[in-house]
1. Consider segment 73-119. How many of its residues are surrounded by fewer than 16 Cβ atoms within 10 Å (Cβ to Cβ), in contact with a Lys or Arg (Cβ under 8 Å, 6 or more places away or on another chain) and either among the polar types (S, T, N, Q) or not in a helix (DSSP H, G or I) (or both)?
2. If you scan segment 155-202, which residues turn out to be modelled with pLDDT under 80 and either farther than 20 Å from Ala137 by Cβ or among the β-branched types (Val, Ile, Thr) (or both)?
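The values are calculated or read from the model by the stated rules, or taken from the named source; none is laboratory data. Only a predicted model underlies this, so the values are computations on that prediction, with no experimental measurement involved. Here the Cβ positions follow ideal geometry from the backbone for every residue, glycine too, while neighbour counts run over all protein chains shown.
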Amino acid sequence: MRVAITSKSFNAPHWREFFDETISLEGVPGDILKPEVKSIWISTALRGWKQLASSLIVSKKVVVILTLSPSSEEAKAAFGLGVRAYLHAAASAELLQNVSTTIEAGGYWLPQDMLLRLVGQFNDVLPAKQDKDSKLACLTQRELEVCREVAHGHPNKRIAKNLGITERTVKEHLSRSFAKLSVKDRMQLMLLMNGNHRQQPL
């Protein structure tokens, strides 16, 4: 069950296609903490959204922030609270579903363009990756090449073209790399690779 919490002044019409329930309020109803509520999506239009997000995260809920005006500082503050995703409140139902799939798998999500700008700033917010050099040493040369392409923000199609391999092969290399590096998604891989990048050029 996915629940959106927003102010009375903002409620995107297409949210009805995605959320099981949309609540307009300034507080938290008790039943929102029920086990069947798997993720809670909070709009920044809601006064006190940071405090609300923090209290829900303490209660072990998966929280996503829907922003009206995306910014690097707001995103960093949100992830600092422990949220799992940050995106524009007007995102399409299809994109909302993609984000939901990512966080349900244990990953994090934010727009790629923002990720590229913020990747160097998040190492003090997301769980630190220790012994980066030794972790990368476990990759094959081709896996490392694919990971470096991901670190530059390239999609699978471009990676395949750059390396002269198929997209299916790219996915296979990424799947093995995720397992070896103990990362769950591309965002965590980018954080790991770019953290290493500050010490050793990609």
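1. Here the count works out to 2.
2. Correct list: Pro155, Met187.
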